[in-house]
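Read the structure below first, then the notes.
Please treat every number below as a calculation from the coordinates, not as lab data. Note that the structure is predicted; figures quoted are calculated from it, not measured. Cβ placement follows ideal geometry from the backbone for every residue including glycine, while neighbour counts extend to all protein chains displayed.
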Amino acid sequence: MLTLYQFELSAYCEKVRLILDYKGLAYRKQEVVPGLGQMEVLQLSGQRQVPVLKDGDTVIPDSTAIALYLERQYPGRPLLPDDAYTRGLCLCLEAWADEVLMPKVRRVFVGALTQDAELRLALLPQETPDPLRVLVGGLPADLWQMVGSGVGLGIAEVAAAKQELREVLARLSGMLAGRPYLLGDSPTLADLTVASLTLTLKFPALPYLNLPAALQGKGIAGIADDPTCAPFFVWRDQIYQQFRRLVGEPPAGPTAVIIE
């Protein structure tokens, strides 16, 4: 049984989950508690970051390394095109999404947390004590924005990242006009990466993740509700409907039972 060490809200972990579902592979999720829980990941993989995949005695950190490992070990439903040119283009798009797109997404999402009390409250676990909920939801927006400014996530920086993302999503929509996937008629690692790393810009309306129901369908104002971005999110949701299993749903492949 494959084991994925993860944070449920991590976009890079979501990338691996989408790849595993696409390939129809059964896996067990091991949620890592930030802080002390990362010591187990450090002992296992030599570094603290997730995702980390364990396949028998083999341990693979990093979402790209995991994707390439799964492609070698479980070649059914391939992630990479056959011809060298399209394969190289696929890997370039995947690297761009990891290294350029994702930092902008993270900046906008964390920036939204400093301004949107409803979003902050929705992310709290159900067992969070009421006094802490009041504190998280009731702190003035000016104070959150001051904290954000101190780490480079002030109003101006977040607004600039939003504008850049609107332009990027419009360009991606242009690439997808008249075709189902970024590189032609078949899905590739590029599609799964771009789809998963934009998760927090607009959460899918269906329960693909173990997250509060209040987050389903919720998006970042100024992006999720921008008409120029709408075609991209239609495409992203179609990728999820095709390949991502719902919480509790068995994998599409013939392998064994999922343990959540």
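The simple Förster model, with R0 at 22 Å and r as the Cβ-Cβ distance, assigns Arg106 and Tyr69 a FRET efficiency of 0.35. Full extension of the chain segment joining Arg48 with Leu246 gains 68.5 nm, where the gain is 0.36 nm per residue of separation less the Cα-Cα distance. Give, as a single signed number, the net charge of other residues whose beta carbon lies under 13 Å from the beta carbon of Tyr22, with Lys and Arg counted +1 and Asp and Glu -1. Net charge around Tyr22: +2.
Placing a label point 7 Å from the Cα of Arg179 along the Cα-to-Cβ line, the residues of region 86-107 whose backbone N sits under 20 Å from it are 86-98, 101.
Put a plus charge on the Cβ of each Lys and Arg, a minus charge on the Cβ of each Asp and Glu, and nothing anywhere else: the dipole of region 1-70 about its Cα centre is then about 60 debye. The relative contact order of region 177-258, computed from alpha carbon pairs under 8 Å that lie at least 6 residues apart in sequence, is 24 percent. Scanning residues 5 or more positions from Val52 or on other chains, those with amide H under 5 Å from its amide H are Tyr5, with H placed 1.01 Å from N in the peptide plane. Over all other residues within a Cβ to Cβ distance under 13 Å of Ser10, the charged ones net out to 0, with Lys and Arg as +1 and Asp and Glu as -1.
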